[in-house]
Amino acid sequence: MSQSPPKPPRPRLMQRFLRFMSDRRILSDARMLEFYPPFWFMRIKVLEMDREWRRVRIRLPLNAISRNPGGVMFGGYQAALADPIAALACARVFPGYSVWTRGLTVDFEHGGSTDLELRFEFPATLEREIRAALARDHRATPSFEYGFYLRDGTRCTRIVNTVAIRPRGYAKATTPPAPETGVD
C-alpha cells in the first residue's frame, strides 16, 4: 500500500494575515514592510518606495535596544533589514520567479552613531542584464550594492547582496551530480 506524500505545512497565522492584506492591496508595500513583525519591533520607517521597488529608502532608528555597548548600531540590526530588500525588489520586478537572498556581505566602514538610512536602487542596466540571463539561462544570480548612511550623509555600512532568481518550483540539488562513468 503506497502512502501519499505529506502535505506541505499550512502557513502560520501571521503569514496568512499578511498574504490576505497584500492580495487585497489593503496596505501599501511600504506599510506591509513596516508592519512585518521583526521590522515592526525594530521600528523601521519607509521614507521612500516606488511601486516596483526600484528605489527604496528606509530609516532604521538608533535607540536603547539597537545600540550596542560601544554606543553605535548593532550590526545584526543592519544585516536583518538589508537581507530581504534586494530579493523583494527582484520579486516585484520579475514576478513568476522564485527569489531569495543567496549571500550577504556587510562591511562596517564607520560606526552607526545616528539613525541610519538604508538606500537601495535597482539600476536599469542591471535589470537588463538580469532579463538577458533569464531569457538565456532561465536563472540569474545578480549582486546589488547598497548601504546604510548616517544622518550627515556619510555611508557607514556597505552592503553587497547576491540574489538567486529561479523558475518557480526550482529545487536545488542537495548532492553532487553522479559521475558520467562508473565509480573507480
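A short reminder: the numbers here are calculations on the coordinates, not readings from a lab. What you see is a predicted model, and the numbers here were worked out from it, not measured in a lab. For neighbour counting, all protein chains shown are included, and Cβ atoms are generated from backbone atoms with ideal geometry for every residue, glycine included.
Quick one: the Cα spread of region 22-167 along its three principal axes, in angstroms, biggest first?
Principal extents (largest minus smallest coordinate, Cα): 49, 36, 22 Å.
Report, please, the projected area of region 95-179 averaged over directions, based on the convex hull of its C-alpha atoms, in nm². Walk me through the numbers on the way to the answer.
Details: hull surface 32.2 nm².
The number I arrive at for region 95-179 is 8.1 nm².
Rank these for me by crowding, Leu150, Leu47, Leu13, going from fewest to most other beta carbons within 10 Å.
On the way: Leu150 19, Leu47 13, Leu13 8.
Result, fewest neighbours first: Leu13, Leu47, Leu150.
For Leu27 paired with Arg128, estimate the spin-label separation in nm (one decimal), with each label point 7 Å from Cα along the Cα-to-Cβ line.
A separation of 3.8 nm, rounded to one decimal place.
Just going by the charge dipole of region 22-167, with Lys and Arg at +1 and Asp and Glu at -1 on Cβ, which of Ala124, Gln78, Gly112 is farthest out on the positive end?
The residue sitting most towards the positive pole is Ala124.
Which loop GluC sites (Glu not before Pro) in region 21-104, with loop taken from DSSP, have no more than 15 other Cβ atoms within 10 angstrom of their Cβ?
Details: sites: Glu34, Glu48, Glu52; in loops: Glu52.
Passing both the DSSP loop test and the Cβ count: Glu52.
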